[in-house]
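This report concerns only the one structure given below.
The values are calculated or read from the model by the stated rules, or taken from the named source; none is laboratory data. Not measured: the values here are computed from a predicted model. Please note: Cβ atoms are built from the backbone with ideal geometry, for glycine as well, and neighbour counts cover all protein chains shown.
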Amino acid sequence: MGKNSVYESIMTGLNEALDDAESKAPKLPRRTVTVEPVKIYDADEVKRIRKSTGFSQKTFAGFMGVSDKTVEAWEAGTNHPSGAASRLLRMIELDKEIVIRFPFVKNQLTK
């Protein structure tokens, strides 16, 4: 595709979008995106999720990418997970198998 045809294609698309935006009966598809708010977890919820994985606090901390003290604080209620940690907790809550499919923690039996 030559430089002029790329320009013409972009201009055609922009003009179609402008015409559609100004039209009383839009023809182009519209999409609404909704992002679920980050859930706030209390101490009991964090502990329940961790226990559902079968992990100790130390192993769970390793899986979550946080310190042991952070998980202790979450479960004691002195601190709460936020941001990416809350999203990961929600993913684990919705799908317990995630800790198996994404084995950031290896569980090996030793003699």
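Across the range 52-75, not a single residue is classified as in a helix (DSSP H, G or I), touching a Gly at 6+ places or on another chain (Cβ under 7 Å), modelled with pLDDT of 90 or more and of a type in the set (A, V, I, L, M). Within the range 76-97, the set of residues being part of a helix (DSSP H, G or I) and either of a type in the set (Gly, Ala, Ser) or farther than 16 Å from ILE49 by Cα (or both) comprises ALA76, GLY83, ALA84, ALA85, SER86.
Residue under question is ILE100, and the condition is that it be free of Cβ contacts under 8 Å to residues at least 12 places away in the same chain and either closer than 22 Å to PRO37 by Cα or not in a loop (DSSP other than H, G, I, E, B) (or both); does it hold?
Values: free of Cβ contacts under 8 Å to residues at least 12 places away in the same chain: yes; either closer than 22 Å to PRO37 by Cα or not in a loop (DSSP other than H, G, I, E, B) (or both): yes.
So ILE100 passes the test.
From the list ASP44, ASP19, pick out the single residue that is under 22 Å from the mean Cα position of the chain (by Cα), part of a helix (DSSP H, G or I) and among the charged types (D, E, K, R). Spell out how you get there, then give the answer.
Values: ASP19 fails: under 22 Å from the mean Cα position of the chain (by Cα).
That would be ASP44, the only listed residue that is under 22 Å from the mean Cα position of the chain (by Cα), part of a helix (DSSP H, G or I) and among the charged types (D, E, K, R).
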